[in-house]
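**Student:** Could you have a look at this structure, given as structure tokens, before my questions?
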Amino acid sequence: MFLAGPDGHRYAATDGPAYQLMGTAETLPFNLGVLLVAVLLMAAFASFFTVAGWRGSGAGPVARVHQVGLLAGLSALAWFLWQWNLLGPF
């Protein structure tokens, strides 16, 4: 549970009588911003290398659908691992 203190900072309520000040790197907006930047960078790299691999390689429609399916599957797996906190603490 997170509570706002009188100084405007957000504190994590513990099971004891004390509150703990959350650092900037532990706040939700900061972590969502880092996640968004990471996802956008990975999507840009995946898109670039997918298009670069398709050009001039003679890849047919089946290979292209397969590549897009793999990218979608990896995206879904990454979301699942992040959602269930299986990637470790960040």
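The values are calculated or read from the model by the stated rules, or taken from the named source; none is laboratory data. Computed from a prediction, not measured in an experiment: that's the story for all the values here. Cβ coordinates were reconstructed from backbone atoms using ideal geometry, including for glycine residues, and neighbour counts include every protein chain displayed.
**Student:** Quick test for you: out of 52, 4, pick the one residue that is surrounded by 10 or more Cβ atoms within 10 Å (Cβ to Cβ), hydrophobic (A, V, I, L, M, F, W, C) and either free of Cβ contacts under 8 Å to residues at least 40 places away in the same chain or within 21 Å of residue 82 (Cβ to Cβ) (or both).
**Tutor:** 52
**Student:** Going by the structure shown, is residue 37 of a type outside the set (S, T, N, Q), under 26 Å from residue 85 (Cβ atoms) and under 26 Å from the mean Cα position of the chain (by Cα)?
**Tutor:** Yes.
**Student:** Could you tell me which residue of the range 1-24 is modelled with the lowest pLDDT, considering only residues that are among the hydroxyl-bearing types (Ser, Thr, Tyr) and touching a strand residue (DSSP E or B) at 6+ places or on another chain (Cβ under 8 Å)?
**Tutor:** 19
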